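A.B. asks: Sharing a structure with you now.
No lab work stands behind these numbers, since they all come straight from the coordinates. Here the structure is a predicted model, which is why all the values come from computation and not from measurement. Because the Cβ atoms are built from the backbone with ideal geometry, glycine has one as well, and the counts that use them run over all protein chains shown.
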Amino acid sequence: MRQAGRILKSYRELKEKTGSIMGLFKDPVLASEVTLMPVDQLGVDAAILFADILTPIEPMGCRIDFQPGPVFDEPVRTAAVIESLRPVDSRKQLPHVLETIQRVQAELPAHVPLIGFAGAPITLATYMAEGGGAKTFTQFRRLLWSEPTAANQLLEKLTEVVIDYLLAQIEAGVQVVQLFDTWVGSLSSAAFKEHALPYLQRIFAALDGTGIPRIYFPLDAAHLLHQLPSTGADIFSMDWRIDMEEAFEMFPDRPLQGNLDPVTLYGSPATVVRETREIMKRCQGRPHIFNLGHGVLPDTPLDNVRLAVETVHEFDGER
């Protein structure tokens, strides 16, 4: 459960003491502490690196602040700004992330894997072009139509940054990597094939020789499912809108991750148990990683999160 730490009182106190989420991201001691919190306090079966999908973007030359969401000093919307963006050497420019990984691995039990992650090029480009929050994130899609050469140059640069960043995480010790594609669902099927798929293929191909499982999570992308095998990912993560049985029918031999609707955790304890067990029953006997269908919301009742974890652990395979 990415972002699970933020529902914990200990995380909120640490963030308040630090004064900024950027301060947490960039301090390996604190970032490793936050990474371990969900494992220690919720009993989840894997840790996920405490960072942000925009972490490797700042060294490209983008100034970013969190207020509380990310805000860029200058949106990336012109060919000139895109041309000015620099390549990134994660080992030299993001050493705090790699130190966080090493610190976490020194503390994690041997049976608990650490998941590293990055944002996919389309999603990173969407945030960069928007420059901050918006009701609808359309600026990058506008760029695809108005200046396709510049838009694809941005995707090219981001692809190289993501490859470098994920390989550096693997070298530092993560055992799984996940590529989050929050905004890919805004593309049509044809646009995905032209502007997203080639870059995803390059990223997953670059990781192919590492032996590390590669997860791809496309949000709101039911219309794109038929294209997912072409990405080269090993595991597909399903959001809550997708029926898991139907997904397994489409991908009978593929491990799938998902997909409890995060707002289900606002229900009664009986509802949480029922809905969690229902997903487990639908997926039993298949290669399935239970997870939420998206990030946990900040004010989610903590006891219900623990209850969902306990329900998964106690599931006995009933139909």
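A.B. asks: May I ask you to list the residues in segment 267-303 that are touching a helix residue (DSSP H, G or I) at 6+ places or on another chain (Cβ under 6 Å), among the hydroxyl-bearing types (Ser, Thr, Tyr) and assigned to a helix (DSSP H, G or I)?
C.D. replies: Selection gives Thr276 alone.
A.B. asks: Return the residue satisfying two criteria in turn: it lies in segment 78-124 and is among the β-branched types (Val, Ile, Thr) and within 22 Å of Met37 (Cβ to Cβ), and of such residues it is surrounded by the most Cβ atoms within 10 Å (Cβ to Cβ).
C.D. replies: For segment 78-124, the residue satisfying everything is Thr100.
A.B. asks: Please state which of the following conditions Val34 fails to meet, knowing it meets all the rest: (1) more than 25 Å from His313 (Cα to Cα); (2) aliphatic (A, V, I, L, M); (3) assigned to a helix (DSSP H, G or I).
C.D. replies: Every condition holds for Val34 apart from (1).
A.B. asks: Another question, then. Any idea which of (1) in contact (Cβ under 8 Å) with a residue 12 or more places away in the chain; (2) of a type outside the set (Gly, Ala, Ser); (3) closer than 26 Å to Gln153 by Cβ is the one Trp240 doesn't satisfy?
C.D. replies: Going through (1) in contact (Cβ under 8 Å) with a residue 12 or more places away in the chain; (2) of a type outside the set (Gly, Ala, Ser); (3) closer than 26 Å to Gln153 by Cβ one by one, Trp240 breaks only (3).
A.B. asks: Among the residues of segment 203-249, which ones are farther than 17 Å from Pro287 by Cα and outside any helix (DSSP H, G or I)?
C.D. replies: Leu207, Gly211, Pro218, Leu219, Asp220, Ala221, Gly232, Trp240, Arg241
A.B. asks: Sort out which residues of segment 49-68 are under 24 Å from Gln102 (Cβ atoms), in contact with an Asp or Glu (Cβ under 9 Å, 6 or more places away or on another chain) and part of a loop (DSSP other than H, G, I, E, B), and write them in order of number.
C.D. replies: Scanning segment 49-68 gives Phe50, Pro56.
A.B. asks: Enumerate the helices (runs of 4 or more DSSP H) found wholly within segment 69-184, keeping only those where 3 or more residues are more than 17 Å from the chain's Cα centre (by Cα).
C.D. replies: Helices (runs of 4 or more DSSP H) meeting the threshold: 79-84, 90-93, 95-107, 139-146, 148-172.
A.B. asks: A further question on this structure: Yes or no: Val305 of a type in the set (Val, Ile, Thr), in contact (Cβ under 8 Å) with a residue 60 or more places away in the chain and either surrounded by fewer than 17 Cβ atoms within 10 Å (Cβ to Cβ) or closer than 28 Å to Trp183 by Cβ (or both)?
C.D. replies: For Val305, the condition - of a type in the set (Val, Ile, Thr), in contact (Cβ under 8 Å) with a residue 60 or more places away in the chain and either surrounded by fewer than 17 Cβ atoms within 10 Å (Cβ to Cβ) or closer than 28 Å to Trp183 by Cβ (or both) - is met.
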